[in-house]
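The values are calculated or read from the model by the stated rules, or taken from the named source; none is laboratory data. Values in this document were obtained by computation on a predicted structure and should not be read as measured data. Glycine gets a Cβ as well: all are built from the backbone with ideal geometry, and neighbour counts include every protein chain shown.
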Protein chains: 2
Amino acid sequence: MLTFNKEEFFAEETRGLALKEKIEEVVDEICREGYSNIFWIGIGGTYAYLSQMHHIVKAHSGILTFVEEAAEFSAAGNKQFTKDSVVVITSVTGDTREVGEAVSIAREKGARVIGYIGDVNTPLGQAATHPIECVGALFYKLYYTAFRFMYNAGDFPEYDQFTKEMERLPKALFNAKEAFDPLAGDYASRYGMEPLTYVLGAGNLWDYAYCYAMCVMEECQWIRTKSVNAGEFFHGTLELMEKGVNVLVLQGEDSSRPLTERAVRFLKRVTDKLTVIDTKDYCPEIVNPKFRGLLSPMIMYQLCERISKHLEKERKHPLEMRRYYRRLSY
Amino acid sequence: MLTFNKEEFFAEETRGLALKEKIEEVVDEICREGYSNIFWIGIGGTYAYLSQMHHIVKAHSGILTFVEEAAEFSAAGNKQFTKDSVVVITSVTGDTREVGEAVSIAREKGARVIGYIGDVNTPLGQAATHPIECVGALFYKLYYTAFRFMYNAGDFPEYDQFTKEMERLPKALFNAKEAFDPLAGDYASRYGMEPLTYVLGAGNLWDYAYCYAMCVMEECQWIRTKSVNAGEFFHGTLELMEKGVNVLVLQGEDSSRPLTERAVRFLKRVTDKLTVIDTKDYCPEIVNPKFRGLLSPMIMYQLCERISKHLEKERKHPLEMRRYYRRLSY
């Protein structure tokens, strides 16, 4: 596999699985104390990942859940936010400005803040009431958090079976990446230099489609993109489709799958540059259909990571290169 | 003013104002009966307009409010939805497929549905428990609905003063359109043929930026766009900015104004194709700053309508022309 360190991959996955007990402790404590609602607060990539959790919780649980873009939360507010709210944030650097402002507001109100931070000796690590240090393995943190809250609320009795299945993921995801890697290479060599890329998703993958377009293609590769929800696609963006338009569809297995399937049927008729990445083709190790739907974000993330690495090579554009972000003050 | 019928404009505005009493009756009745939460459910343009109302209600009121994209609502669901929920929909044609499916689900659960429909003798007109027939004047319907609910919840005591101010809007909006029309012409002649247009907004205008990009520029003009929230802009899309990139910023006056201001400061340094439409420059008839912030969506809508008409002329592309939407079955 191109630009891939197997040991590092398994080390990160193992770190993720190892967080289960610590996260259960924190969530169980909060549930014992009581809480009124969960606020997933992020910006850019973290907003998108947290939105995926929000989507899952609102669809499967009676827990009151809200997702807020950090800058908008600080500027506009949300009257449902009180001292009894629980905030979940995540930050690799621990110093994301907009998330810091939102957390200050949350702490002033007396709310608890679960913070997944790469290094707890940072402003966000210090600001969280429940900081948990871990580099990478983002989905493990968020899944254990969301599903433990749901389990404690009586809304996800399959928790033990589900988290047991998650232990299969490191091997299953590795196999998926290995199987997908040549296709990722194909995508990058065919479409890596396209002037504009449309990225479609739905359900618990919509926010990831938004994220992959903006936080990887735009930010890390300077590729022009438009992401659009597969349901929304039929109310505007479809008019731009024609031969030669590059479209990438991220198809998962949750109950919104028919939305992307409909878009794919339409797109096959109108463009000759269509790529569909379907989680269904990967991770046969996970058998339970409900769990497959719930885990689609974790599978898709690992597949798209392969595309990123091949885009980097084809475009001769290092994924780390920025011209403005954290290089210019604004 | 280009392609403008003054009589029709004032007739539509007057129809909007005239709905106040009827809407108050419906909302007051629902409030007397009791309700648990409001679900704004739409798709494409209506999703975006209803999202603006959701944004205003959640920021200013303790009412539990949810906005759902109709196709996603039907596919994924939301556990907060019960027989005690109140749905608000709007449809000109009265037969939007995805909204019809969502309303069926809502009615099966026993929920009440306020439906603003162009013609009540349509599937959606028949499906709503509280159908209100009116062509156009969308914002008046939605504002009276949202603010009456907030007033009845004790969260907007300024209701009478605010709706009194709204009576000034027809004249104020007409003046705004007339003043902006030459600038709209400038925009269309300079940037109408750009290969890609970025549209930014924040706060109660973010959803409108999304809508103007997708439902007007893409759907009605086949212009390639990317809309991005001004806060999110700094976490990905900014990397694509450089000389020659066309950006349109929709700036309003609610508490999220600093987000677009920050984006404008940055954009002035990196692109030479920046257009900022600022509601602050229009409608001096509305004086109260809080009301100005709340009414920014109504002002911006009327300004952008001028751009649409000039784009139509410059691009020689009728706003009504579709190649797929409602012309092809999919």
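Within segment B:177-230, how many residues are under 16 Å from the mean Cα position of the chain (by Cα) and among the polar types (S, T, N, Q)?
Residues in segment B:177-230 being under 16 Å from the mean Cα position of the chain (by Cα) and among the polar types (S, T, N, Q): 3 in total.
How many residues are under 19 Å from A:Thr46 (Cα atoms) and assigned to a helix (DSSP H, G or I) if we restrict to segment A:191-248?
19
Please list, ordered by residue number, the helices (runs of 4 or more DSSP H) wholly in segment B:121-171 having 3 or more residues that are in contact with a Phe, Trp or Tyr (Cβ under 8 Å, 6 or more places away or on another chain). Can you show your working first?
On the way: elements: B:123-127, B:138-152, B:159-166.
Because the criterion is at least 3 residues that are in contact with a Phe, Trp or Tyr (Cβ under 8 Å, 6 or more places away or on another chain), the helices (runs of 4 or more DSSP H) in segment B:121-171 that meet it are B:138-152, B:159-166.
Within the group B:Ala146, B:Ala176, B:Ala172, which residue is aliphatic (A, V, I, L, M), touching a Leu at 6+ places or on another chain (Cβ under 7 Å), under 23 Å from B:Leu250 (Cα atoms) and surrounded by 17 or more Cβ atoms within 10 Å (Cβ to Cβ)?
Of B:Ala146, B:Ala176, B:Ala172, the one residue that is aliphatic (A, V, I, L, M), touching a Leu at 6+ places or on another chain (Cβ under 7 Å), under 23 Å from B:Leu250 (Cα atoms) and surrounded by 17 or more Cβ atoms within 10 Å (Cβ to Cβ) is B:Ala176.
Taking the residues in segment B:312-324 that are within 21 Å of the chain's Cα centre (by Cα) and within 14 Å of another protein chain (Cβ to nearest Cβ) as candidates, determine which candidate is surrounded by the most Cβ atoms within 10 Å (Cβ to Cβ).
Residue satisfying both the conditions and the ranking: B:Leu319.
Pairs only if they're at least six apart or on different chains, beta carbon under 9 angstrom, first in segment A:54-73 and farther than 22 Å from A:Ile43 by Cβ, second β-branched (Val, Ile, Thr) and part of a helix (DSSP H, G or I); list them, first residue then second.
A:Ile63/A:Val57
For A:Ala209, are the conditions met, namely being more than 9 Å from chain B (Cβ to nearest Cβ), among the hydrophobic types (A, V, I, L, M, F, W, C) and within 21 Å of A:His54 (Cβ to Cβ)?
Numbers: more than 9 Å from chain B (Cβ to nearest Cβ): yes; among the hydrophobic types (A, V, I, L, M, F, W, C): yes; within 21 Å of A:His54 (Cβ to Cβ): yes.
When the stated conditions are applied, A:Ala209 passes them.
Looking at B:Phe39 and the list (1) assigned to a strand (DSSP E or B); (2) in contact with a Pro (Cβ under 9 Å, 6 or more places away or on another chain), which single condition is not satisfied?
Of everything listed in (1) assigned to a strand (DSSP E or B); (2) in contact with a Pro (Cβ under 9 Å, 6 or more places away or on another chain), B:Phe39 misses just condition (2).
For B:Leu124, indicate whether it is in contact (Cβ under 8 Å) with a residue 60 or more places away in the chain, touching a helix residue (DSSP H, G or I) at 6+ places or on another chain (Cβ under 7 Å) and not β-branched (Val, Ile, Thr).
no
Read through the list (1) surrounded by fewer than 20 Cβ atoms within 10 Å (Cβ to Cβ); (2) away from chain A (no Cβ under 14 Å); (3) not in a loop (DSSP other than H, G, I, E, B), then give the number of the only condition that B:Met300 fails.
(1)
For segment B:149-169, how many residues are among the acidic types (Asp, Glu) and crowded, with 16+ Cβ neighbours inside 10 Å?
Counting residues in segment B:149-169 that are among the acidic types (Asp, Glu) and crowded, with 16+ Cβ neighbours inside 10 Å gives 3.
Can you tell me which residue within segment B:10-40, out of those that are more than 30 Å from B:Pro182 (Cα to Cα), in contact with a helix residue (DSSP H, G or I) (Cβ under 8 Å, 6 or more places away or on another chain) and among the acidic types (Asp, Glu), is surrounded by the most Cβ atoms within 10 Å (Cβ to Cβ)?
Of everything passing the filter in segment B:10-40, B:Glu24 is surrounded by the most Cβ atoms within 10 Å (Cβ to Cβ).
If you check every pair at least six apart or on different chains, which have Cβ atoms under 8 Å apart with a residue in segment A:223-238 that is over 18 Å from B:Tyr198 (Cα atoms) and more than 7 Å from chain B (Cβ to nearest Cβ) first and a residue that is among the small types (Gly, Ala, Ser) and part of a loop (DSSP other than H, G, I, E, B) second?
Matching pairs, first to second residue: A:Ala230/A:Ala202; A:Ala230/A:Ser256; A:Phe234/B:Gly44.
Kindly indicate the residue of segment B:48-101 that is of a type in the set (Asp, Glu), over 16 Å from the mean Cα position of the chain (by Cα) and not in a helix (DSSP H, G or I) and also modelled with the highest pLDDT among those meeting that condition.
Applying the filter and picking the extreme gives B:Asp84.
Out of all the residues in segment A:14-29, is one or more away from chain B (no Cβ under 14 Å), small (Gly, Ala, Ser), over 30 Å from A:Leu319 (Cβ atoms) and without any contact (Cβ under 8 Å) to a residue 60 or more places away in the chain?
No.
Run B:Gln251 past the list (1) over 19 Å from A:Tyr330 (Cα atoms); (2) within 14 Å of another protein chain (Cβ to nearest Cβ); (3) within 17 Å of the chain's Cα centre (by Cα) and report the number of the one that doesn't hold.
(1)
This table checks each residue for (1) among the small types (Gly, Ala, Ser); (2) surrounded by fewer than 24 Cβ atoms within 10 Å (Cβ to Cβ); (3) in contact with a helix residue (DSSP H, G or I) (Cβ under 8 Å, 6 or more places away or on another chain).
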{"site": "A:Glu8", "(1), (2), (3)": "no, yes, no"}
{"site": "A:Gly42", "(1), (2), (3)": "yes, no, yes"}
{"site": "A:Val67", "(1), (2), (3)": "no, yes, yes"}
{"site": "A:Thr90", "(1), (2), (3)": "no, no, yes"}
{"site": "A:Glu101", "(1), (2), (3)": "no, yes, yes"}
{"site": "A:Ala111", "(1), (2), (3)": "yes, yes, no"}
{"site": "A:Val120", "(1), (2), (3)": "no, yes, yes"}
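Please indicate, with yes or no, whether at least one residue in segment B:276-289 is within 12 Å of chain A (Cβ to nearest Cβ), in a helix (DSSP H, G or I) and not hydroxyl-bearing (Ser, Thr, Tyr).
No, that holds for no residue.
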